[in-house]
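Report on one structure; see the data block that follows.
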Amino acid sequence: MPKVKLHKVDYSKGRYPEVLSKYTKGITDQISSARVGELAGLTQFGVNKTILPPGSATALIHWHEQEDEFVIILSGTATLIDGDVEQELRPGDCAGFKAGVPSGHAILNRSKEDVVLFEIGSRAPMEVGHYPGVDLEYSSESHENKRVFRFSNLDGKEVFSASRKIVK
C-alpha cells in the first residue's frame, strides 16, 4: 500500500453546510479535515485527519444507526462528550462509538491549542444519524458513484440535501 503524503493533502474547512448554521452555531466552521483514507484508495471505511482549533468540535453531538466510529488523538487535549459523560483525551488516547447505540457523542476542543486527530468510520450503504436535543437528523445513501446526503427536521421536512462523488 502506498504511503499517504500528508504534506500534500488538501484540507476542507468546516463540517456542515452553511444552511445548517441555525443548528451548528458555528461549532464546526473552523475545523479542517482531509480525507486521507480516500488518498490511500480505501473504499470500505473512511479516515479523516482533522484539526480542531480552540473552541471547535468535530460535529454536533450525534450517533449513527449503521456506522461505527473510532477516533485517535494525535496532539492536543480534547474533551470527549459521550451521553452525559465528559472525559479528557490526550495524545494516544482513543474512543470508539458502536453503531446503533443511541448515546450522542462529539469531540470538543476546550483548550487554547489545536487538537489533531484521526476519525475512522465504516461506510454503510445506507445510514441515518441522529442529533439528540436538536430538531435535526440526516440520512445518506450510496448510489453507483455518488453518495447522497439529506438533512431534515424530525417531522421529515427537508432542510438540505447534496451529493458527492465516491472515490473508487
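Of note:
- Among residues of segment 4-23 that are free of Cβ contacts under 8 Å to residues at least 40 places away in the same chain and within 17 Å of ARG35 (Cα to Cα), those with a beta-carbon under 9 Å from a residue that is of a type in the set (A, V, I, L, M, F, W, C) and part of a helix (DSSP H, G or I) at least six positions away or on a different chain give the pairs VAL4/VAL36; VAL4/LEU39; LYS5/LEU39; LYS8/LEU39.
- Each residue in segment 147-166 was checked for being loosely packed, with under 13 Cβ neighbours inside 10 Å and more than 18 Å from the chain's Cα centre (by Cα), and 5 pass.
Okay, residues lined up against (1) surrounded by 19 or more Cβ atoms within 10 Å (Cβ to Cβ); (2) over 22 Å from TYR138 (Cβ atoms); (3) among the hydrophobic types (A, V, I, L, M, F, W, C):
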{"residue": "LYS3", "(1), (2), (3)": "no, yes, no"}
{"residue": "PRO17", "(1), (2), (3)": "no, no, no"}
{"residue": "THR24", "(1), (2), (3)": "yes, no, no"}
{"residue": "THR28", "(1), (2), (3)": "yes, no, no"}
{"residue": "THR43", "(1), (2), (3)": "no, no, no"}
{"residue": "LYS49", "(1), (2), (3)": "yes, yes, no"}
{"residue": "LEU60", "(1), (2), (3)": "yes, no, yes"}
{"residue": "HIS64", "(1), (2), (3)": "yes, no, no"}
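- Check on SER12, surrounded by fewer than 17 Cβ atoms within 10 Å (Cβ to Cβ), under 28 Å from LYS165 (Cβ atoms), in contact with a strand residue (DSSP E or B) (Cβ under 7 Å, 6 or more places away or on another chain) and of a type in the set (S, T, N, Q): yes
- Within the set VAL101, VAL71, VAL47, the sole residue that is more than 16 Å from the chain's Cα centre (by Cα) and either under 30 Å from LYS3 (Cα atoms) or modelled with pLDDT of 95 or more (or both) turns out to be VAL101.
- Selection count where residues are in contact (Cβ under 8 Å) with a residue 24 or more places away in the chain, within 13 Å of PHE118 (Cα to Cα) and either of a type in the set (S, T, N, Q) or exposed (fewer than 15 other Cβ atoms within 10 Å of the Cβ) (or both), scope segment 75-99: 3
The values are calculated or read from the model by the stated rules, or taken from the named source; none is laboratory data. Note that the structure is predicted; figures quoted are calculated from it, not measured. When we count neighbours, we look across all protein chains shown, and the Cβ atoms used for this are built from the backbone with ideal geometry, even at glycine.
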